[in-house]
Amino acid sequence: MLDLILNFVSCSRASGLRISSSEVLDCVNQLELIDVLEEPLFQSVLRSNFAKSRREQAHFDHLYHLFFHEMRSELSIPHANALQELMEKTLDSLNEKLDQDPSFQSILDFLQGDPLAYLEEMRQLQSDTDGDAPSGLPNTFGPLVRRLQIMSQINAIGDGIARFMANNRQTINWEDRKAMTIHYDERLDSARRMLREDPEPYDAGLKRVTSYDRHLNQLGEKSFFSLTKKEVEEMRDIVEQLVRKLKDTVQRRYSKHKRGVLDIKKTLRLSAKYQGVPIEVVYKHKPKRKGKIVTLCDVSGSVWTAAKFMLNMLYSLQDCFLQVRSFIFVDELEEVTQTFEKHEINIAVDKSLKEADINYQASTDYGSTFRQFKREYMDILNKKTTLIIVGDGRTNYSNPEEKILDEMREKCRRIIWLNPESLVFWNTGDSRMRTYQRYCNEVRHCQNLDQLLDFIKTLVL
């Protein structure tokens, strides 16, 4: 614990916080009096000792998140220990092939979980920006050029990692490449974000009322696969709020449809009885939207996290269409429509995933799922039906049964496929997305909440 605190202090000092040795000792002594596993209490102790103003508190919160969360994201990587050597080999290859800049090594250290040198680089940039040029004007041109140079280095490193992954497709399996790609993409995005951020004003601590909203916006852009347990819980609340807003919007639109639009001709004709006063108002009535939705959602291990949020949002469609039928599958299909109709959103999702007769240990089999659907449910499809398939299209090298998908397309209005997997991994290994894509009316990359919400709005509104 002491080493962890000292490393954090070093990073904080590198970033510009003034922390004395006595403050470090006070902090360590106070931590002995609390349960350090209670993070809000742990963070509060560190903030009270290391942040001495409202501006420093805002800066401290940023550093705390960076050090204790973003720099610890490697813990979420499957088989992190086994991948460590391979990840070091990846970065070593960059050292050999890319032109080195003074900031180059600091970025590589940042990717490896050591932000110290990169934080010093950011502080130096800020010092240069805050200083004045000899003319008395703000000295911004030099720091701007330096920021562009560092951004170029970050992009070059990102390209180098992508090339390394592409050149080692035969030696590194796709799951490891996927895990490493997600890991490095998050680290590089974090480095870019720190480079782009402008310093907060002195009164930033007085404006924290909007911080939670900004946090929610950031969560919307974050991949389903990289969410922490705490963020997953936050996302559930966000989804519930979004569903309520979406339902309200749809209800207002449908109520307007029920009333219809003003029929000017008939209204004016009737007003003749009242000396031209439109007492009797006539509306042109429009029928309510009568589309049907059928969803097939892959809940296998590879897309488990994404599936939960997909089902959360698809739940909102229950009140927006004439009929919605929902199915989940791994190697066999199970209908969960009644569960969604009877229970509140989060309860419905949990029950669907926990109580359904699904073997979650089985290998995903899209072919078997399509055969079962054809055998038992093909008659529910008609020209008013939109079929939504949620999954990564990985068949574990089994028969994809794309001809059945073609039959389904012929029977329904359209097929939309939502794939939460990163685009770079489509059509690699056992992925059959290229095959399935030929039989779909639309294929969407749907890796985060913003992309999912965009799709839902397009579908419903």
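Tell me, VAL299, VAL277 in order of fewest to most beta-carbon neighbours within 10 Å?
Least crowded to most crowded, the residues run VAL277, VAL299.
Under 5 Å between amide hydrogens, which residues at least 5 positions from CYS297 or on another chain qualify, with H placed 1.01 Å from N in the peptide plane?
Under 5 Å from the amide H of CYS297: PHE327, ILE328, PHE329, VAL390.
Can you tell me the length gained on complete extension of the stretch ARG169 to SER21, counting 0.36 nm per residue apart and subtracting the Cα distance?
The ARG169-SER21 span can extend by a further 48.3 nm.
Quick one: order LEU37, LEU242, LEU63 by neighbouring beta-carbon count within 10 Å, fewest to most.
By the 10 Å Cβ count, ascending: LEU37, LEU242, LEU63.
Of LYS354/LYS403; LYS374/LYS403; LYS222/LYS292; LYS411/LYS457, which ones are farther than 21 Å apart at the Cα?
LYS354/LYS403; LYS222/LYS292; LYS411/LYS457
Mind running the shape call on region 365-461? Use the C-alpha gyration tensor, a ≥ b ≥ c as the square roots of the eigenvalues: rounded below 1.5 for a/c, prolate if a/b tops b/c, oblate otherwise.
oblate
Would you mind ranking SER103, SER190 by Cβ crowding within 10 Å, fewest neighbours first?
Going from least to most buried by this count: SER190, SER103.
When the Karplus curve 6.51 cos²θ - 1.76 cosθ + 1.60 is applied with θ = phi - 60°, which whole-Hz ³J(HN,Hα) does each residue of region 2-12 get, with x for Gly and Pro?
Listing the rounded values in order: 4, 4, 5, 5, 5, 5, 5, 4, 4, 5, 5 Hz.
Taking H as built 1.01 Å from N, whose amide H comes closer than 5 Å to the amide H of TYR283, not counting residues under 5 places away?
ASP263
Residue by residue, what Karplus-based ³J(HN,Hα) values in Hz, rounded to whole numbers, does region 303-314 have, using 6.51, -1.76 and 1.60 with θ = phi - 60° and x for Gly and Pro?
With coefficients 6.51, -1.76 and 1.60, one gets 10, 4, 4, 4, 4, 4, 6, 4, 5, 4, 6, 5 Hz.
Where a ≥ b ≥ c are the square roots of the eigenvalues of the C-alpha gyration tensor, would you call region 288-460 rounded, which needs a/c under 1.5, or, failing that, prolate if a/b is larger than b/c, or oblate?
Verdict is rounded for region 288-460.
Read the figures in this text as sums done on the coordinates, not as results from a lab. Just so it is clear, the model here is predicted, and its values are computed rather than measured. Cβ atoms come from the backbone with ideal geometry, glycine included; neighbour counts cover every protein chain shown.
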